[in-house]
1. Being among the hydrophobic types (A, V, I, L, M, F, W, C), over 21 Å from ASN155 (Cβ atoms) and either surrounded by 18 or more Cβ atoms within 10 Å (Cβ to Cβ) or modelled with pLDDT of 95 or more (or both): is that true of MET290 here?
2. Scan the stretch 94-117 and report the pairs whose first residue is at negative phi and of a type in the set (Ser, Thr, Tyr) and whose second residue is surrounded by 14 or more Cβ atoms within 10 Å (Cβ to Cβ) and modelled with pLDDT under 95, with Cβ atoms within less than 7 Å and a gap of 6+ or a chain change.
3. Residue by residue through the stretch 174-197, note down the ones that are among the acidic types (Asp, Glu) and either in contact with a strand residue (DSSP E or B) (Cβ under 6 Å, 6 or more places away or on another chain) or buried (at least 22 other Cβ atoms within 10 Å of the Cβ) (or both).
4. Would you mind finding the one in ALA278, ALA337 that is modelled with pLDDT of 95 or more and either open to solvent by 30 Å² or more (accessible area, probe 1.4 Å) or of a type outside the set (A, V, I, L, M) (or both)?
5. Among all residue pairs at least 6 apart or on different chains, which show Cβ distances below 7 Å where the first residue, located in the stretch 299-325, is under 14 Å from PRO255 (Cα atoms) and the second is part of a loop (DSSP other than H, G, I, E, B) and open to solvent by 30 Å² or more (accessible area, probe 1.4 Å)?
6. So if I check each of LEU202, LEU170, LEU190, which one is in a helix (DSSP H, G or I), touching a Phe, Trp or Tyr at 6+ places or on another chain (Cβ under 9 Å) and modelled with pLDDT under 95?
7. Given the structure, is ALA232 open to solvent by less than 20 Å² (accessible area, probe 1.4 Å), assigned to a loop (DSSP other than H, G, I, E, B) and of a type in the set (A, V, I, L, M)?
Amino acid sequence: MSIGGIPLASAFLFCVTLVATLCSIAPRLGLLDAPTARKVHHGHVPVCGGLAMFGALLAALAIRQGLQPPGGSLGHSMLPLAGTLGMLVAIGFVDDRWGMGAVTKLSLQVIAVSLLLGAGGDTYGNGLLHLPAAMPGRDWIATAITLLFIVGLINAYNMIDGLDGLAGGLAAVTLIGLAVAGRLAGHASLVDDSLLLLAVVLGFLVFNMRRPGLRRALAFMGDAGSMMLGCAIAALIVELASHSPMTEGGFERFPSLLWLVAIPVIDTASLMIRRPLAGRSPMAADREHMHHLLLDTGLSPAQTTMVLAVIAALLATIGVAGLMLRVPPAVMAAGLALPALAHCALVWYCAHRRRETAQALVLSSEPAE
């Protein structure tokens, strides 16, 4: 096995081992998720995937660092990010174990990411998302946009984690796309880190993805896992977007890379708009997520996860193709309106069906003359 293959195999095996171990002690740690009206699962499920994925990632990074040649820098790129991921895992653990208010959790996320951005201006490798050189105050604006993007994606993965295998499956698709995009950009360390994180996610999905022989998830990633994945993927995207000098237009790669995370981004943006319009807090929990809407159409949880994973793969392919063909960033950004409009159509269709069902119930309950 090559040096590159040893850390990947270690990441997968470590994650499988850690999930199995933590599942056995989850009841004593109080890390059990009970079913509710919003949660589509049966029985109490251990919420230990986030801790296992983070532990496996650290172990694999240590192994890769130990295998690097003298004077090499293999594995250096993700090490500065590990501290921030650890902070988010700790925040998620507290939320999974004892619960945490939405405002408190968001504030702590902002602090964690701000510390990352303030540590020499590095998010993962090169720094912030680049803006046109002529833009006044571009450094402050770039910092604000980068902060908003990373915190936003942290919460997008946190919010999309509502079905067995969904957040992990979408993350796996995105990481494959990032590895391909990194290869096209000649960013070898980003390719290695994307594949390393992918191996960790696949180890978790062994216990979380429904498949023949596994009719329900044996473990959840919890907020600790979803926030960790959201931050890591956002940092990889920022790194790839800022890897090479940008032209005067700025954001050359960023619109194409957004296609790789289109589903969680569109789902979260839609909810942030629809909830206030309905008189609810943007952070309020409900059953209006994309996966809930697909469930309402009659799909099973496993079918819903598969449909969204396939759509995510198609969107990621478009994003990678845009990078490979050097499609203008304005075109790639405008093209995101198409999946957004498709989501709006799904929202309208489900709302229309609910109204029809409610009217039918009213008519059926009226006494016959």
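The values are calculated or read from the model by the stated rules, or taken from the named source; none is laboratory data. None of these values were measured; they are calculated from a predicted model. Virtual Cβ from ideal backbone geometry, glycine too; neighbours counted across all protein chains shown. Surface accessibility is based on the protein's heavy atoms, side chains included, excluding ligands, DNA and RNA. Shrake-Rupley method; radii C 1.70, N 1.55, O 1.52, S 1.80 Å.
1. Spelling it out, it is not the case that MET290 is among the hydrophobic types (A, V, I, L, M, F, W, C), over 21 Å from ASN155 (Cβ atoms) and either surrounded by 18 or more Cβ atoms within 10 Å (Cβ to Cβ) or modelled with pLDDT of 95 or more (or both).
2. Qualifying pairs under 7 Å: SER114/LEU147.
3. The first filter runs over the stretch 174-197 and keeps only residues among the acidic types (Asp, Glu), leaving 192-193.
If the condition is that a residue be among the acidic types (Asp, Glu) and either in contact with a strand residue (DSSP E or B) (Cβ under 6 Å, 6 or more places away or on another chain) or buried (at least 22 other Cβ atoms within 10 Å of the Cβ) (or both), then ASP193 is the only one that fits.
4. Values: ALA278 fails: modelled with pLDDT of 95 or more.
One residue alone meets the criteria, ALA337.
5. Between residues of the stretch 299-325 that are under 14 Å from PRO255 (Cα atoms) and residues that are part of a loop (DSSP other than H, G, I, E, B) and open to solvent by 30 Å² or more (accessible area, probe 1.4 Å), the close pairs are LEU323/ARG253.
6. Numbers: LEU202 fails: modelled with pLDDT under 95; LEU170 fails: modelled with pLDDT under 95.
One residue alone meets the criteria, LEU190.
7. Against the criterion (open to solvent by less than 20 Å² (accessible area, probe 1.4 Å), assigned to a loop (DSSP other than H, G, I, E, B) and of a type in the set (A, V, I, L, M)), ALA232 does not qualify.
For (1) under 29 Å from HIS44 (Cβ atoms); (2) among the charged types (D, E, K, R); (3) open to solvent by 20 Å² or more (accessible area, probe 1.4 Å), each residue gets a yes or a no:
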{"position": "ALA199", "(1), (2), (3)": "yes, no, no"}
{"position": "PHE220", "(1), (2), (3)": "yes, no, yes"}
{"position": "MET227", "(1), (2), (3)": "yes, no, no"}
{"position": "PHE254", "(1), (2), (3)": "no, no, yes"}
